[in-house]
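A short worksheet on the structure shown next.
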Amino acid sequence: MKKISFALFIFICSNCFSDENKINIIVENCRACHNVNINVKEIPYIYDLPKIKFIELMLSYKKQKDNNVMTRINRVLSEDDIRKIADLMYD
Amino acid sequence: MIKDIHKRKFIFNLLTGITYISLSKLLFLKKVNAKNKPNVVILGSGIGGASCLKYLNKISDLINLIVIDKNKKIRTGPFSNLVIGDIMEEADITFFLNKKKYNNVKFIFDEAKYIDSNKKFIEFSDGNKINFDYLIISPGIGYKENIIDGYRINDKVSVPHCWDGDGDLNYFKKRLGVLENNSLIIISSPDYPYRCPPAPYERASLISNYFKKKKINVKVLILDSKDSFTKQQNFFKEWSFYYKNTIEWVSRKNGGKVVFFDRKSNLVKNDQGESFKADFINIIPDQKAAPIIFNSNLVSNNDDWCQINPITFQLINFKDIYVVGDSINAWDMPKSAFSANSQAKVLSLNLINRILEKDYIDPVFLNTCYSFSKDDRAFSISAWYRLNSSEDRIVSLGSSESQVRLNSTETIKEAKHAYGWYKTLVNDIFL
Ligand SMILES: Cc1cc2nc3c(=O)[nH]c(=O)nc-3n(C[C@H](O)[C@H](O)[C@H](O)COP(=O)(O)OP(=O)(O)OC[C@H]3O[C@@H](n4cnc5c(N)ncnc54)[C@H](O)[C@@H]3O)c2cc1C
């Protein structure tokens, strides 16, 4: 089990995007569901959250054990990616 | 107010951050005048084409933007199984492009017959031609003939496939509507690669759901040209719980590969010589790139799909032609609306960068594909993608599925997310 977790960790780390110029296009992909101009009741509208709340929320997915769609999408994003996404969206 | 500030900043970031449009626009405007604005033509205004339109519209004062589609109304693939399953109406998944949003754009509703890649024009059946400087093609899919003996793709009366926006949805529903107790429905599921890999199984689920609600006993037999399929365990669990003894799946190696169809007696035969007679047969044909691609010789001899550069989506060997969506070989990316939309973002931003003489962005893609098993239950598969180290193919960073479990609130939540994603997508690109 430990071995598997370690392998997963290495995989995830090696797959983080981090590269700064990629953050814009990551955010653009997030917009497929979280569109700044469109507020649908089935998906949380994230643009009026305080920046820090957004970061906390995104980081909390990393701790979640369930396999919901945001937990899975989040897996590939590093903490650094998440902070950069937040900078782009809220600063 | 806070919301507005965020909104404005965010839009600003997108316009400046990704493409540096504002500054480059000014430089570009100096170079061009109305006469030599480039003609950018988008052929196909389904998911991929409409997504490109949304982005290219941002520079519609710098280019002549022309959109061609044979259909005025776009009926989406996503959620079409919910229409078949009587959960939604056809009108709910049918859209007209909002011309007010695109008031700088010229629309032509006609079928393109031929693309001349050397002389750079598109020809229609009446002989009319449209010239292009840059052409984006997002024409969806075409179908392979002669895979199933006796089956003709155009025979939508005896066997409607209902796999594109071309009109057989209501007829398909009508055929279901007259089925009586103890009827047998056969779905022949195609071999890879094809548009929306989980959709045949979603269709089987929602047809079963429809009859269950009507309290009519119907069996759905899936004859599969494959030995496994995406989200298989999730489907199996849902079927065992909700559609026990209703849905039966036959893998290719167990006789699922259909090779013969007899229209008169409504039966199919598999490659092991067994016959199956049904009350309604839905053959989902094997697929390839759309006919316009082959008619215009845009693929090399033995290819079924367009080969593209994964950074620009430029068709290999054709400098000013770009292809996106289901007609391309996108390596690890499945053929889905989510993928087409994600690819279209990269294509459009890099085409804008090319026009404005800027550096290309390094692409990242996302796909999340939801499947319904009932009105309020769905599960998904998702993955991020980027380029491999030699930057010549799109590779998955690992796809992952919803956990296989029953009656969980997560499955109900995922159904809500699916509705939310769909509303967001169609609002963003069509409305
Ligand atoms: C049953 C079903 C369920 C699906 N469910 C989902 C889902 O839940 N999620 C998901 O992400 N994807 C789903 N899909 C897949 C999705 O529909 C496609 O992947 C997506 O539409 C691809 O976009 P595209 O632009 O390549 O093609 P399309 O959206 O099909 O657009 C092609 C357009 O080109 C036009 N065209 C073609 N040839 C010509 C010509 N010669 N001249 C003029 N116009 C032309 C057509 O009229 C059409 O409007 C589903 C598909 C099906 C069949």
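Using a probe radius of 1.4 Å on protein heavy atoms only, what is the accessible area buried between chains B and A, both sides summed, to the nearest 100 Å²?
Answer for the B-A pair: about 4100 Å² buried.
Quick one: 3J(HN,Hα) in Hz for the stretch B:63-80, Karplus 6.51/-1.76/1.60 with θ = phi - 60°, rounded, Gly and Pro as x.
9, 8, 9, 10, 10, 10, 8, 6, 10, 6, 9, 9, 9, 7, x, x, 6, 5
What does the C-alpha gyration tensor say about the overall shape of the stretch B:145-283? Classify as rounded when a/c is under 1.5, otherwise prolate if a/b is larger than b/c, or oblate.
rounded
List every residue whose amide H lies under 5 Å from the amide H of B:Phe260, counting only residues 5 or more places away in sequence or on a different chain, with H placed 1.01 Å from N in the peptide plane.
B:Asp149, B:Lys269
Determine, for each peptide in B:301-310, B:342-351, the mean count of other beta carbons within 10 angstrom over its residues, then list the peptides with the highest first.
B:342-351, B:301-310
Cβ neighbours within 10 Å, averaged per peptide: list B:80-89, B:329-338 in order, most packed at the top.
Descending mean neighbour count gives B:329-338, B:80-89.
Go through the stretch B:130-141 residue by residue and turn each phi into a ³J(HN,Hα) via Karplus (6.51, -1.76, 1.60, θ = phi - 60°); whole Hz please, and just put x for glycine and proline.
10, 7, 9, 9, 10, 10, 10, 10, 9, x, x, 10
Got a number for carbon plus sulfur as a percent of chain B's accessible area, 1.4 Å probe?
Its accessible area is 48 percent carbon and sulfur atoms.
Under a 1.4 Å probe, what is the accessible area of chain B per residue, stated in Å²?
Accessible area per residue: 41 Å².
Under a point spin-label approximation (7 Å from Cα along Cα-to-Cβ), what is the A:Glu79-B:Ile216 distance to one decimal in nm?
Roughly 5.8 nm, to one decimal.
Taking R0 as 30 Å, what's the FRET efficiency between B:Ser60 and B:Ile316 from their Cβ-Cβ distance, rounded to 0.05?
0.60
Over the protein assembly as shown, what number does the Rg to Rh ratio reach, with both radii from the alpha-carbon atoms and Rh per Kirkwood?
The Rg/Rh ratio comes out at 0.97.
Kindly work out what percent of the DSSP beta bridges joining two residues of the protein assembly as shown are antiparallel, to the nearest 5.
50 percent
Which of these, B:Asn36, B:Asn104, B:Asn297, has the largest mean-square fluctuation under a Gaussian network model of chain B (Cα springs below 10 Å)?
Result: B:Asn36 has the largest fluctuation of those listed.
Straight-line reach from A:Lys63: which aspartates and glutamates have Cα under 13 Å away, leaving out those fewer than 8 places along the same chain?
List returned: A:Glu79.
Report, in degrees rounded to the nearest 10, the 0 to 90 angle that the Cα long axis of helix B:2-13 makes with the longest principal axis of chain B.
70 degrees
Among residues other than B:Val250 whose Cβ falls under 10 Å from its Cβ, what is the net charge (Lys/Arg +1, Asp/Glu -1)?
0
Taking the alpha-carbon distance from B:Lys212 and a cut-off under 20 Å, which aspartates and glutamates remain once sequence neighbours fewer than 8 residues away in the same chain are dropped?
List returned: B:Asp86, B:Glu89, B:Glu180, B:Glu202, B:Glu238, B:Glu248, B:Asp279, B:Asp375, B:Asp376.
Out of residues 5 or more away from B:Arg75 or on other chains, whose amide H comes under 5 Å of its own, with H placed 1.01 Å from N in the peptide plane?
Counting only residues 5 or more places away or on other chains, the set is B:Phe95.
Whole angstrom only: what separates the Cα centroid of the stretch B:140-218 from the Cα centroid of the stretch B:241-255?
16 Å
Between the stretch B:396-423 and the stretch A:23-89, what is the separation of their alpha carbon centroids in Å?
Between the Cα centre of the stretch B:396-423 and that of the stretch A:23-89, the gap is 16 Å.
What are the ³J(HN,Hα) couplings of the stretch B:169-183, residue after residue, when phi is run through the Karplus curve with 6.51, -1.76, 1.60 and θ = phi - 60°? Round to Hz, x for glycine and proline.
5, 5, 5, 4, 5, 4, 5, 5, x, 9, 6, 9, 3, 6, 6
For B:Asn131 paired with A:Lys41, estimate the spin-label separation in nm (one decimal), with each label point 7 Å from Cα along the Cα-to-Cβ line.
Taking the simple label geometry, B:Asn131 and A:Lys41 are separated by 5.3 nm.
In the stretch B:94-141, which chymotrypsin sites (Phe, Trp or Tyr not before Pro) fall in coil by DSSP and have 15 or fewer other Cβ atoms within 10 Å?
Answer in residue order: B:Phe96.
With n ≥ 4 as the cut-off for DSSP H runs, can you work out [θ] at 222 nm for the protein assembly as shown, using -39500 (n - 2.57) per run divided by the number of residues, rounded to the nearest 500?
-10000 deg cm²/dmol
Along the Cα→Cβ direction, 7 angstrom out, place labels at B:Asp332 and B:Glu248. What is the inter-label distance in nm?
3.8 nm
Strictly over 23 Å apart at the Cα level, which of B:Lys215/B:Lys257; B:Lys213/B:Lys237; B:Lys226/B:Lys335; A:Lys53/B:Lys335; B:Lys213/B:Lys264 would you flag in this model?
Over 23 Å Cα-Cα: B:Lys215/B:Lys257; A:Lys53/B:Lys335; B:Lys213/B:Lys264.
Within 10 Å of each Cβ of B:392-399, how many other protein chain Cβ atoms are there on average?
Mean partner shielding for this stretch: 2.
Over 18 Å between Cα atoms, which of B:Lys54/B:Lys101; A:Lys22/B:Lys358; A:Lys62/A:Lys84; B:Lys70/B:Lys113; A:Lys51/B:Lys416; B:Lys106/B:Lys358 qualify?
Result: A:Lys51/B:Lys416; B:Lys106/B:Lys358 exceed 18 Å.
When you look at the Cβ of every residue in A:59-66, what mean number of other chain Cβ atoms sits within 10 Å?
Mean shielding count: 1.
The values are calculated or read from the model by the stated rules, or taken from the named source; none is laboratory data. All values derive from a computational prediction rather than experimental measurement. Neighbour counts run over all protein chains shown; Cβ positions are idealised from the backbone, glycine included. The accessibility values were calculated without ligands, DNA or RNA, using every heavy atom of the protein model including side chains. Shrake-Rupley method; radii C 1.70, N 1.55, O 1.52, S 1.80 Å.
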